[in-house]
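**Q** Let me give you the structure first, and then I'll get to my questions.
Nothing in this text is a laboratory measurement; each read-out follows from the coordinates by a stated rule. Because the structure is a prediction, the values reported are computed rather than measured. Neighbour counts are summed over all protein chains in view; Cβ atoms, including those assigned to glycine, are modelled from backbone coordinates with ideal geometry.
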Amino acid sequence: MNRIHVVERAYQLARTPDCLNTGDVVKALSAEGYSGAEMSHFQGSSIRADLNRICKIPVETEVA
């Protein structure tokens, strides 16, 4: 199975309205089947801060 690298997927999830912080991103990754070893990337303070920053950017919604 060819799946998106965990870091790339984390940044995708951070841009969704469902993820308000890094904890939400990690929970979503776990629910998608990423392993604890894969998620060890998010123990560093720099990547956590970057993901938290992205999570706080308002998501534009489409108007029908």
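**Q** Pick from region 4-32 the residues that are over 9 Å from the mean Cα position of the chain (by Cα) and touching a residue at least 24 places away in the same chain (Cβ under 8 Å): which of them is farthest from residue 60 (Cα to Cα)?
**A** Residue satisfying both the conditions and the ranking: 20.
**Q** What's the total number of residues in region 36-64 that are assigned to a helix (DSSP H, G or I), surrounded by 10 or more Cβ atoms within 10 Å (Cβ to Cβ) and not hydrophobic (A, V, I, L, M, F, W, C)?
**A** Counting residues in region 36-64 that are assigned to a helix (DSSP H, G or I), surrounded by 10 or more Cβ atoms within 10 Å (Cβ to Cβ) and not hydrophobic (A, V, I, L, M, F, W, C) gives 7.
**Q** Return the total of residues in region 1-35 being of a type in the set (D, E, K, R) and part of a loop (DSSP other than H, G, I, E, B).
**A** So the answer is 4.
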